[in-house]
1. Running a GNM on the chain with Cα contacts under 10 Å, which residue among 140, 124, 11 ends up with the highest mean-square fluctuation?
2. Return the distance in nm (one decimal) between the two label points of a simple spin-label model at residue 188 and residue 171, each offset 7 Å from Cα along Cα→Cβ.
3. What is the fewest-to-most order of 44, 83 by other Cβ atoms lying within 10 Å of their Cβ?
4. Can you put 24, 13 in order of Cβ neighbours within 10 angstrom, beginning with the fewest?
5. Run the numbers for residue 50 and residue 120: contour at 0.36 nm per residue of separation, minus the present Cα-Cα distance, in nm.
6. Could you calculate the contour length gain from residue 93 to residue 67, that is, 0.36 nm times the residue separation minus the distance between their Cα atoms, to one decimal place in nm?
7. Mind telling me which of 118, 48, 30 comes out most flexible in a GNM of the chain, alpha-carbon contacts under 10 Å?
8. What is the order of 74, 143, fewest Cβ neighbours within 10 Å to most?
């Protein structure tokens, strides 16, 4: 049973996980779920892959929630819980085949440094998928209903966040100086909300 109450965004996590698997075909190896919060993204990937998953968050309470959420699911993936800042990840270079982060980019103190450190720990041939979209598989009616929910929730909680999309997200990516990266949108014709990194 998942703790932390019902989240209106909960239905999109399995859809995004399936999209990631379909697009990148990474089923084994190490996956980092950066800014995991209650662990929803990593949990959904664990359900459909054999990935060894590191749930990474700067907030110890979030990691406890993630651990509670995973404990009752009887997954056979190897999992770890790591308290860390995305700007100083405690992993060696070329560590992970897959790195995911949904919704945390907007709250990083140093987004440029965070993206650079993700790239550092990404293995050659690996993929990092970072941003705040709802995924390509989310039905249009659900997409319209949920678009902007995270942003409004953050404002209601008075959380400082730097929400970027489209040109702003591309500008952030350009500032990193990283190669093999692009911005991606969920819906053709809409602003990009994801950064895809290939190494």
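1. Greatest mean-square fluctuation among the candidates belongs to 140.
2. My value for the distance between the label points is 2.9 nm.
3. Working: 44 22, 83 13.
Taking fewest neighbouring Cβ atoms as first place, the list is 83, 44.
4. Values: 24 15, 13 20.
Least crowded to most crowded, the residues run 24, 13.
5. Details: separation 70, 0.36 × 70 = 25.20 nm, distance 2.33 nm.
Length gained, residue 50 through residue 120: 22.9 nm.
6. On the way: separation 26, 0.36 × 26 = 9.36 nm, distance 2.59 nm.
Result for the pair: 6.8 nm of gain on full extension.
7. Fluctuation is largest for 48.
8. Details: 74 6, 143 18.
In increasing order of surrounding Cβ atoms, one gets 74, 143.
None of the figures in this text is laboratory data; all of them are computed from the coordinates on show. For clarity, every value in this text was computed on a predicted model and none was experimentally measured. We place every Cβ from the backbone using ideal geometry, glycine too, and count neighbours over all the protein chains shown.
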